[in-house]
Amino acid sequence: MTLLIIDNANQITGYSQDDNLQAWEGVRLAPAPDGFNPALVAHCIVKVSKGKTTITLNLDTALTAAKAARCSQIKEEAARLIAATDWKLQRAKERDTAGWGSLADIDQVLAEREAIRRSSDTAELAANALTDINAVQVFTWSVDVPVPTPNRLTRGEFLDRFTKEETAAILAAADANASLKAWVMRLENSDWIKPAEATPGLQALEIAGLIQPGRAAAILA
């Protein structure tokens, strides 16, 4: 049995699980309420009536506090999981810089890290939706929100998909076509390209006859 230690101001100052504990001057002892959790001691209410002391738990504030504590723990757990992938991201970036890897290697790690973030966000929402304190305190979560790996190409990887003849034709035509020139300038200032976003521009190149029909799909494959 857990005994709560109560001072003369009816404030709980501690607890003990020693059934043989005796009260001393300035304090008295009272049994803790069913389901007592030391983490919620601040939300226990002391009531004295006709010399009898009873302890009740303020369920509303205790539930709010339990949710806040669990969500804080979830954030810490997610941060540790993300930190554990730092070496993967560093390796992928270094290999890409050296020419041994690719942007796809980096994106794979970024997707893994994003899955942790989204899963932890979902977990917090689930924890906050609970209405039972015990359920909140034992709530667990896992990385279960799938995040697809981004489909990106570096500018160099994208340009390598054009033949030299196609590139020359596009650059020559851009001098007389403002829209095409703007597309080329945007490409020149992009670190990477999402193939899906490049589709309209490539289709326009086909229509203009600067690349052969079907080349847009081939370039994006």
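The values are calculated or read from the model by the stated rules, or taken from the named source; none is laboratory data. Bear in mind that the values here come from a model prediction, so they are computed numbers and not experimental data. Cβ placement follows ideal geometry from the backbone for every residue including glycine, while neighbour counts extend to all protein chains displayed.
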*Do you know which residues across the stretch 1-23 are over 18 Å from Leu57 (Cβ atoms) and touching a Gly at 6+ places or on another chain (Cβ under 7 Å)?*
Asp7, Asn8
*State all residues of the stretch 175-190 that are surrounded by fewer than 14 Cβ atoms within 10 Å (Cβ to Cβ) and assigned to a helix (DSSP H, G or I); if no residue qualifies, say none.*
Ala178, Ser179, Ala182, Met185, Arg186, Glu188
*asked:* Among the residues of the stretch 158-174, what is the count of those that are acidic (Asp, Glu) and surrounded by 15 or more Cβ atoms within 10 Å (Cβ to Cβ)?
replied: 1
*Quick one: count up the residues across the stretch 70-96 that are surrounded by fewer than 17 Cβ atoms within 10 Å (Cβ to Cβ), touching a helix residue (DSSP H, G or I) at 6+ places or on another chain (Cβ under 7 Å) and within 28 Å of Ile5 (Cβ to Cβ).*
0
*Please find, within the stretch 1-58, the residue that is farthest from Asn134 (Cα to Cα) out of those that are small (Gly, Ala, Ser) and in contact (Cβ under 8 Å) with a residue 12 or more places away in the chain.*
Gly26
_Of residues in the stretch 114-143 being charged (D, E, K, R) and farther than 14 Å from Ile82 by Cβ, the one surrounded by the most Cβ atoms within 10 Å (Cβ to Cβ)_ = Glu124
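Select from the stretch 191-220 the residues that are under 31 Å from the mean Cα position of the chain (by Cα) and either in the same structural domain as Thr97 (by TED's automatic domain parsing) or surrounded by 15 or more Cβ atoms within 10 Å (Cβ to Cβ) (or both) and list them in ascending order. I'd like the intermediate steps shown before the answer.
Residues of the stretch 191-220 that are under 31 Å from the mean Cα position of the chain (by Cα), as a first pass: 191-199, 220.
Listed by number, the residues that qualify are Trp192, Ile193, Pro195, Ala198, Leu220.
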*For the stretch 29-44, what are the residues that are part of a helix (DSSP H, G or I) and either of a type in the set (Val, Ile, Thr) or surrounded by 17 or more Cβ atoms within 10 Å (Cβ to Cβ) (or both)?*
Leu40, Val41, His43
